[in-house]
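What follows draws every value from the coordinates through simple rules; no lab data is involved. From a predicted model like this one, the values you see are computed outputs, not experimental measurements. Neighbour counts are summed over all protein chains in view; Cβ atoms, including those assigned to glycine, are modelled from backbone coordinates with ideal geometry.
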Amino acid sequence: MSEDWSEEFFSGVALDVWRRAIPPEVTEGEADFLAGMFEAGIPGSGEGARLLDVPCGNGRLALPLARRGYSVTGLDTAADFVAECRAAAEREGLPVEAALGDMRAMEFQEAFDGAWCMGNSFGYFGREGTRAFLAGVARALKPGAVFVLDTALAAESVLPGLDDRAWEPVGNSLLLVERRYHVAEGRLEAEYTFITGGEDGREATRETRVANYWVYTVAEIRAMLAGAGLALEGLFGDPSQRPYEVGDPQLLLTARKTARTG
């Protein structure tokens, strides 16, 4: 099973749906959470610190963090989203740099005071790819820097109430999600059917794409973080910092780089 499915998945209709999937108030709440974690976790720096957003998408969180005074570098494989992020930053004069790149192959060296991976991207890769990503994050961070991870794919979140089939309205579109969990691999296969249009006499369009997500327990995530030199500090169930519990749909995890990495 290829781990590169996301490079083709995130274009066209998938990006259109993602643009509408998260309400502005949710984005602002997550931006406040991130700012709070970095302000508390970056001694003596606070605003003006340099942060890494990977993958950055169209700048959904990079832009609000830059508005709060941070300098943000983003990395993503979706060319359209990178272009949108750059254009939005230029319009507002914000300190955001966005680049095309593979989150498993980052070459930054102790350049950032903090980093985050939001939007459920953590489960895109199997163990080898995930370890490569976390090692890259650790290399990119200065010693003592904070890393924030957001995922809905921790085993304790996704497995207790897994629905095989669900309809989800997104703006004027409908999204049918059909899921199959492969136990031996710890892999969740999701087939997305995007149904758009159909109003004002126009014919509806239908497009299907398949995604694969690797599911890890919180203990596995903690072990992979530790292997990269990132020590777990907090487990939250939402941006209010409520402690994470089994069945929570979201896991927000904070970790800290413990030492220099090669």
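For the reader, a short list of remarks on this structure follows.
- Amide proton proximity set for residue 77, modelled H, under 5 Å, gap of 5+: 101
- Residue 231-residue 204 FRET efficiency (beta carbon distance; Förster radius 41 Å; 0.05 resolution): 0.25
- Mean ellipticity per residue at 222 nm, deg cm²/dmol - from DSSP H runs of n ≥ 4 across the chain, formula -39500 (n - 2.57): -9000 deg cm²/dmol
- When peptides 219-225, 19-25 are ranked by their average number of other Cβ atoms within 10 Å per residue, the highest-first order is 219-225, 19-25.
- Mean-position separation - Cα centroids, segment 209-228 and segment 25-97, in angstrom: 24 Å
- The string of couplings for segment 60-72 from the Karplus curve (6.51, -1.76, 1.60, θ = phi - 60°) is 3, 10, 4, 5, x, 5, 5, 5, 8, x, 8, 9, 10 Hz, one whole number per residue in order, with x for Gly and Pro.
- Taking a Cβ cut-off of under 12 Å around residue 165, the surrounding Lys, Arg, Asp and Glu residues balance to a net charge of -3, with basic ones at +1 and acidic ones at -1.
- Structure remark: mean-square fluctuation, Gaussian network model of the chain, C-alpha springs under 10 Å; the largest value among 234, 93, 29 belongs to 93.
- Computed extension length for residue 185-residue 22: 55.7 nm, one decimal, from 0.36 nm per residue of separation with the Cα-Cα distance subtracted.
- One decimal place: the segment residue 128-residue 163 gains 9.8 nm when fully extended, by the rule 0.36 nm per residue minus the C-alpha distance.
- DSSP bridge pairs, the chain: antiparallel proportion in percent, nearest 5: 70 percent
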